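Right, one structure below, let's go through it.
The values are calculated or read from the model by the stated rules, or taken from the named source; none is laboratory data. Since the structure is predicted, the reported quantities are computational estimates derived from the model, not experimental observations. Quick reminder, even Gly has a Cβ in these numbers, built from the backbone with ideal geometry, and neighbours come from all protein chains shown.
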Amino acid sequence: MKAAATARMFYRQAKREEGFTLVELITVVAIIALLVVYITVEIGTTNDDAKVGIANTFFLGNVPAALGSYKSRHANSCAAWASADPEDVAEDLQARGLISTTPWQDDWTAAYDATERRLIITFPTTSSDDASAAANDIASSLVNKPQVYAVRVATSGDTVADATGATKTAPDATIEALEAAQAVVVEYDCI
């Protein structure tokens, strides 16, 4: 009889320990939620950092290579762009391997200033999580690089080159709705 009572007691105790208590479940869900929030924030920051790196590669490697390819097929000169339609400048560069959008999926523009003999690329960072930081990071990495003639960050109200090569106040330029947005304007010598 004593053995049967002991067996029932162990059976009841084992039955009570079959599942998780509500407190245990809430604790596990809370810990998982904190981990998800932390990982999401870290991935978002890393994602923008990676896109800034892609932009730097675009300006320091891809644009000079495309420019060199264009010049090698046009008597080592960019003079053919002087009379070209402004959209043709960007299309010529894209035909030589440049992507048509920024890493944030904004459209960049290119213009050729025949007077100064410079290729001007306006590269918006408007869709970045922090457009100002992204534009400043890109611009600071391009300063004093031999491939780049000049670089600056354009903001709302600044004068920037549009697709026709003319300068306009930023909200009217090809940088769409540059209200609080940013763009990097990069110039390359193209004689």
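Just checking: which of the helices (runs of 4 or more DSSP H) contained wholly in the stretch 1-118 hold 1 or more residues that are at pLDDT below 85 and surrounded by 10 or more Cβ atoms within 10 Å (Cβ to Cβ)? Show your work before the answer.
On the way: elements: 2-16, 22-57, 63-73, 86-95.
Ranges flagged: 2-16, 22-57, 86-95.
Name the single residue, out of those in the stretch 125-165 being within 11 Å of Val186 (Cβ to Cβ) and assigned to a loop (DSSP other than H, G, I, E, B), that is modelled with the lowest pLDDT.
Gln147
For the stretch 135-159, which positions are crowded, with 20+ Cβ neighbours inside 10 Å and touching an Asp or Glu at 6+ places or on another chain (Cβ under 6 Å)?
none
Would you pick out the residues in the stretch 97-118 that are of a type outside the set (Gly, Ala, Ser) and within 21 Å of the chain's Cα centre (by Cα)? Step through it out loud before you land on a result.
Initial filter on the stretch 97-118 (of a type outside the set (Gly, Ala, Ser)): 98-99, 101-109, 112-113, 115-118.
Once the filter is applied, which keeps residues that are of a type outside the set (Gly, Ala, Ser) and within 21 Å of the chain's Cα centre (by Cα), the stretch 97-118 yields Leu98, Ile99, Thr101, Thr102, Pro103, Trp104, Gln105, Asp106, Asp107, Trp108, Thr109.
Among the residues that make up the stretch 166-185, is at least one of them touching a Gly at 6+ places or on another chain (Cβ under 7 Å) and at pLDDT 85 or above?
Keep residues of the stretch 166-185 that are touching a Gly at 6+ places or on another chain (Cβ under 7 Å), which gives 169-170.
Filter once more, so that each one left must be at pLDDT 85 or above: none.
No, the conditions are met nowhere in the stretch 166-185.
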